[in-house]
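The values are calculated or read from the model by the stated rules, or taken from the named source; none is laboratory data. In this text, all values refer to a predicted model and were calculated from it rather than measured experimentally. Glycine gets a Cβ as well: all are built from the backbone with ideal geometry, and neighbour counts include every protein chain shown.
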Amino acid sequence: MSPENRIVSRPTVSVFGASAATPGDGRYEEAVECGRLLARSGFAVATGGYAGLMEAVSAGAASEGGHVIGVTAPGVFRGREGANPHVAEELLATTLTERIHELITVSDASIALHGSLGTAAELIVAWNLAFVAQFSGVAPHPVIAVGSRWGELVATLARALETDGDLVTCVPDVESAVRAVVHRLGR
């Protein structure tokens, strides 16, 4: 679905995060707060649409009246039942690559929360798209990473791959992440 055909017209922030997080583990509650803060700041949120931190962000945003987009990939994740109950707008992707691209395309900024390989892939694609934006004269999509593990990964990759690590803003918590998005998008 192209951005012009989306239901929501307000600025959107994609949030990446682990699917295995559960209520009570601290990370889940942090993701709920991320969704709340984004919605309070006037943003819609886009997530992978399933459980874990994706559901937590969705629940937080929905609790504040925010619009929630879920980009799901039923053919890739056959064991998952569909979007979490907080998703107002579900976009379907046929491949994992298409899903990641759609998450970034429908958004104006991205935040990476705690996660594993899938979250790392999403973060790296968002970073790469911010990097290549300079070749077409487009402002880079803000990319924010929460937590020291992403800071270490970004620093290591930037050094090893001789690329611009400053395109990823690494912050310690979700409050700082939302402040960075608000600042970068001029809201």
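Given the condition part of a helix (DSSP H, G or I), closer than 22 Å to Glu89 by Cβ, out of contact with any His (no Cβ under 9 Å at 6 or more places or on another chain) and β-branched (Val, Ile, Thr), answer yes or no: does some residue in region 126-138 qualify? No: zero hits.
Go over the candidates Ile104, Ile69 one by one and state the one that is farther than 28 Å from Gly165 by Cα and in contact (Cβ under 8 Å) with a residue 60 or more places away in the chain.
Ile69 is the lone residue from the list that is farther than 28 Å from Gly165 by Cα and in contact (Cβ under 8 Å) with a residue 60 or more places away in the chain.
Looking for something in contact with a Gly (Cβ under 7 Å, 6 or more places away or on another chain), surrounded by fewer than 18 Cβ atoms within 10 Å (Cβ to Cβ) and small (Gly, Ala, Ser) - is there at least one such residue anywhere in region 66-88? No: region 66-88 contains no residue that is in contact with a Gly (Cβ under 7 Å, 6 or more places away or on another chain), surrounded by fewer than 18 Cβ atoms within 10 Å (Cβ to Cβ) and small (Gly, Ala, Ser).
On the given criteria, is Ala51 within 25 Å of Gly147 (Cα to Cα) and at pLDDT 95 or above? In short, no. Here Gly49 meets the list (1) in a loop (DSSP other than H, G, I, E, B); (2) surrounded by fewer than 24 Cβ atoms within 10 Å (Cβ to Cβ) almost entirely, failing just condition (2). Write out, first by first residue and then by second, each pair whose Cβ atoms fall under 6 Å of each other, whose residues are 6+ apart or on separate chains, and whose first residue, in region 41-63, is more than 19 Å from Val182 (Cα to Cα) while the second is assigned to a helix (DSSP H, G or I). Every condition considered, the pairs that remain are Gly48/Met54; Leu53/Ala31; Ala56/Tyr28; Ala56/Ala31; Ala56/Val32; Ala59/Val32. Report yes if His101 is buried (at least 18 other Cβ atoms within 10 Å of the Cβ), at negative phi and not aliphatic (A, V, I, L, M), otherwise no. For His101, the condition - buried (at least 18 other Cβ atoms within 10 Å of the Cβ), at negative phi and not aliphatic (A, V, I, L, M) - is not met.
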